[in-house]
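Peer 1: Quick one: structure below, then a few questions.
The values are calculated or read from the model by the stated rules, or taken from the named source; none is laboratory data. Nothing here was measured: the structure is a model prediction, and the numbers come from that model. Note that each Cβ is placed from the backbone with ideal geometry, even for glycine, and that neighbours are counted across all protein chains shown.
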Amino acid sequence: MMCSRIRIDGHQSAGDLEDYSLGRLLPSRTPALEQHLLICPQCRTGLSAIEPYNFVHHTHDGLFYCRVTKLRTGRLFARYWSRSLEIGQEFRTHGDAEAYPKRTFSQMFPQHVCTPRCGATDLTV
């Protein structure tokens, strides 16, 4: 886990946004960052820019999240999680990273048919 890196202009740092996207931000820092995202379009845009794929499925087992995060190293980290599972993998290309959560989701939930409740999440609205 990274330590907090608050920018002098009051916005969230790239490191904190990355940690948040990866689910690695210290739990004590998460509420403040989420509150900031609610009021700051610049930071929502920054978070959206590092999350080219962010999707949630509503399954019979509950919510199932899929996300791809652009890492500051240039690679991409694709992960999915639910209340009882979290797994992910690093990739070099956007196509491979985006295919990973889609492929694994369809293997885990072969009978799932998306409803209007399933869909991309967008923090920029």
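Peer 1: For segment 80-112, which positions are in contact with a Cys (Cβ under 8 Å, 6 or more places away or on another chain) and of a type outside the set (S, T, Y)? Steps first, answer last, please.
Peer 2: Going through segment 80-112, the residues in contact with a Cys (Cβ under 8 Å, 6 or more places away or on another chain) turn out to be 80, 101-102, 105.
Across segment 80-112, the qualifying residues are P101, K102, F105.
Peer 1: So in segment 31-77, with the set limited to residues that are surrounded by 13 or more Cβ atoms within 10 Å (Cβ to Cβ) and basic (K, R), which one is nearest to F109 (Cα to Cα)?
Peer 2: Residue satisfying both the conditions and the ranking: R67.
Peer 1: K70 passes all but one of (1) more than 14 Å from E18 (Cα to Cα); (2) at pLDDT 95 or above; (3) of a type outside the set (A, V, I, L, M, F, W, C); which number fails?
Peer 2: It fails just one condition, (1).
Peer 1: Still on this structure, I have one more. From the list T59, T69, T93, T104, pick out the single residue that is in contact with an Asp or Glu (Cβ under 8 Å, 6 or more places away or on another chain), of a type in the set (S, T, N, Q) and on the phi < 0 side of the Ramachandran plot.
Peer 2: Details: T59 fails: in contact with an Asp or Glu (Cβ under 8 Å, 6 or more places away or on another chain); T93 fails: in contact with an Asp or Glu (Cβ under 8 Å, 6 or more places away or on another chain); T104 fails: in contact with an Asp or Glu (Cβ under 8 Å, 6 or more places away or on another chain).
Residue meeting the stated conditions: T69.
Peer 1: Can you pull out the strands (runs of 3 or more DSSP E) entirely within segment 6-125 that have at least 1 residues that are hydroxyl-bearing (S, T, Y)? Give the derivation first.
Peer 2: Values: elements: 53-59, 62-70, 76-81, 86-91.
Fully inside segment 6-125 and qualifying: 53-59, 62-70, 76-81.
Peer 1: A further question follows. Checking F91 against (1) assigned by TED's automatic domain parsing to the domain that holds C118; (2) over 29 Å from P116 (Cβ atoms); (3) exposed (fewer than 14 other Cβ atoms within 10 Å of the Cβ), only one condition comes out false. Which one?
Peer 2: Unmet for F91, out of (1) assigned by TED's automatic domain parsing to the domain that holds C118; (2) over 29 Å from P116 (Cβ atoms); (3) exposed (fewer than 14 other Cβ atoms within 10 Å of the Cβ): (3).
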